[in-house]
1. Tally up the residues in the stretch A:62-89 that are without any contact (Cβ under 8 Å) to a residue 24 or more places away in the chain and over 9 Å from the mean Cα position of the chain (by Cα), please.
2. Within the stretch A:35-46, can one find any residue that is in contact with a strand residue (DSSP E or B) (Cβ under 7 Å, 6 or more places away or on another chain) and either within 7 Å of chain B (Cβ to nearest Cβ) or crowded, with 18+ Cβ neighbours inside 10 Å (or both)?
3. When the residues of the stretch A:94-123 are narrowed to those that are over 22 Å from the mean Cα position of the chain (by Cα) and more than 7 Å from chain B (Cβ to nearest Cβ), which ends up farthest from A:GLN60 (Cα to Cα)?
4. Could you tell me which numbered condition B:GLN25 fails, if it satisfies all but one of (1) within 14 Å of DNA strand C (Cβ to nearest atom); (2) exposed (fewer than 15 other Cβ atoms within 10 Å of the Cβ); (3) not in a helix (DSSP H, G or I)?
5. Looking at B:LEU31, B:LEU15, B:LEU59, which one is out of contact with any Ser or Thr (no Cβ under 6 Å at 6 or more places or on another chain), within 16 Å of DNA strand D (Cβ to nearest atom) and touching a residue at least 24 places away in the same chain (Cβ under 8 Å)?
6. Quickly run through the stretch A:62-79 and pick out the residues that are modelled with pLDDT of 85 or more and either within 16 Å of ligand 1 (Cβ to nearest atom) or part of a strand (DSSP E or B) (or both).
There are 2 protein chains.
Amino acid sequence: MKRQTWQRAAVREALSARGGFVSAQDLHTALKANGSPIGLATVYRALADLAVDGDADSLQSSDGENLYRACVSAGHHHHLICRSCGRTVEIEADPIEQWAAEVAAANGFRDPRHVVDVFGTCSSC
Amino acid sequence: MKRQTWQRAAVREALSARGGFVSAQDLHTALKANGSPIGLATVYRALADLAVDGDADSLQSSDGENLYRACVSAGHHHHLICRSCGRTVEIEADPIEQWAAEVAAANGFRDPRHVVDVFGTCSSC
DNA sequence: AACTAAGTGAGAACGATTGTCAAAATCGCC
DNA sequence: GGCGATTTTGACAATCGTTCTCACTTAGTT
Ligand SMILES: [Mn+2]
Ligand SMILES: [Mn+2]
Ligand SMILES: [Zn+2]
Ligand SMILES: [Zn+2]
């Protein structure tokens, strides 16, 4: 059974406090800066769990880091991410969902998953 | 000026010989298995150059590896990739191109780029 | 309180990628 | 063909994000 620890709560809360996407390392640094003695490995584990449970979105940055963000909308969705400041807008992509399913089926691919993220420069940047 | 070396030619050729996406390490292993004394760092450099020059597609796998593939169709396109055997189909995504541009503009994002890849299990797997 | 399985964390280990730098190879030129 | 300036190579070290190890702690149960 999954146990409730102050560490997981702290990660959850720190992630929400941050607006956009953060790396595990940055979140760990932020937590320590606030006096928390939480371990780095624990932050990694908590974030991975949150992502699995659908409570956080995750994506890899262009330089290979895994970034996490407290999920605001439930269910499947995609992201519009500012490549300068990290500001993120969650977007629906109804036309894409169907398109992905169709193109997979048309080529004999089963169990399709897709990665659809749009990067750009936001109006503030 | 860019010099022509047998190493770059070998990487180019090995990449074409492979059908789908390969990691630098795997391609290096394949080259060595064929008797080539090429160095690993050189394979990394050659692949990066090919990608920059538009002669190879690149993407990061879900576990963070950079994968490369000899580009067959010129211009912008997307991929349908078998997560089991790496077989890749290049696909057009006309509906997505327009959708991405629209959703970026609607949210005030400039200079939009998008990542659209569909993963699945191909009919042979 | 006692028990037990799950969770934690400091540090080691890992793995893909990049940096270093002396030796080797390419290209333009004579 | 030979020369020299410049680029490229490759063995190896270094980086860096992430995962593993394992002794210790703790949540949840009885
Ligand atoms: Mn999201
Ligand atoms: Mn392609
Ligand atoms: Zn921005
Ligand atoms: Zn396949």
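The values are calculated or read from the model by the stated rules, or taken from the named source; none is laboratory data. These numbers come from a predicted model, not from an experiment. Cβ coordinates were reconstructed from backbone atoms using ideal geometry, including for glycine residues, and neighbour counts include every protein chain displayed.
1. 10
2. no
3. A:ALA106
4. (3)
5. B:LEU15
6. A:ASN66, A:LEU67, A:TYR68, A:ARG69, A:ALA70 - these are the residues of the stretch A:62-79 that are modelled with pLDDT of 85 or more and either within 16 Å of ligand 1 (Cβ to nearest atom) or part of a strand (DSSP E or B) (or both).
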